[in-house]
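The values are calculated or read from the model by the stated rules, or taken from the named source; none is laboratory data. Fair warning: this is a prediction, and the values are worked out from it, not measured in the lab. For neighbour counting, all protein chains shown are included, and Cβ atoms are generated from backbone atoms with ideal geometry for every residue, glycine included. Side chains included, ligands, DNA and RNA excluded: accessible areas come from the protein's heavy atoms. Shrake-Rupley method; radii C 1.70, N 1.55, O 1.52, S 1.80 Å.
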Amino acid sequence: MEQRWNHFDSNGNAVMVDVTDKKITKRIAVASGKIKVSPEVIHAVVTGTSKKGDVLGVARVAGIMAVKQTSNLIPMCHTLLIQKCAVDFEIHEAECEILSRCTVTIEGKTGVEMEALTGVSVSLLTIYDMCKAIDKSMEITDIHLESKSGGKSGDYQREEKQ
């Protein structure tokens, strides 16, 4: 039995998936990741003393802009009409970490996992960019899909690894 992948044509060329016959459903994806920083960076973010301004405010806007540009960055992603996007942060001072979480919602024919992952990635990169004068050793880590709902494949909820 020949296996056919929906991202390749009969000649093996990469193609965009045809979603013409898919049903429109509400789709939500949540992704998160974190950046490990120095105590000096945490202090600058919490007190608003970074020389480049409001680190998390700018990172939030960058993440939202990235979500809207995902199809320009990931070759086979469909251009989507994003209906809601939120980028939120949790500062874990004791661990010197900042967690970014991006939630994306649409009513459409294809999922928004890549958009949520892109939003998280760019928000974390923006934190790095705005704080690199304080500490260049920051580490972006643990970027992953937390959950998704809607579509033919159904719901997904990541289980925490022990």
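Structural remarks
- The solvent-accessible area of Lys68, taken with every protein chain present and a 1.4 Å probe, is close to 130 Å².
- Solvent-accessible heavy-atom area per residue, rounded to whole Å², over the range 21-162 at 1.4 Å: 57
- ³J(HN,Hα), Karplus 6.51/-1.76/1.60, whole Hz, each residue of the range 138-151, x for Gly, Pro: 4, 10, 8, 8, 6, 6, 7, 7, 7, 7, 8, 9, x, x
- Sorted on the mean count of surrounding Cβ atoms within 10 Å across their residues, most packed first, peptides 96-102, 21-27 read 96-102, 21-27.
- Phi to ³J(HN,Hα) by Karplus 6.51 cos²θ - 1.76 cosθ + 1.60 over the range 17-29, Hz, x for Gly, Pro: 5, 7, 9, 3, 8, 6, 7, 6, 9, 6, 10, 10, 10
- Per-residue ³J(HN,Hα) for the range 40-50, Karplus 6.51 cos²θ - 1.76 cosθ + 1.60, θ = phi - 60°, Hz, x for Gly and Pro: 5, 5, 4, 4, 4, 5, 5, 8, x, 9, 5
- Cα long-axis angle, helix 55-73 against the chain (0 to 90 degrees, to the nearest 10): 20
- Rounded to the nearest 500, the helix-only mean residue ellipticity at 222 nm of the chain stands at -9500 deg cm²/dmol, with each DSSP H run of n ≥ 4 adding -39,500 (n - 2.57).
- Among the chymotrypsin sites (Phe, Trp or Tyr not before Pro) in the range 72-162, none is located in a DSSP loop while being surrounded by at most 12 other Cβ atoms within 10 Å of its own Cβ.
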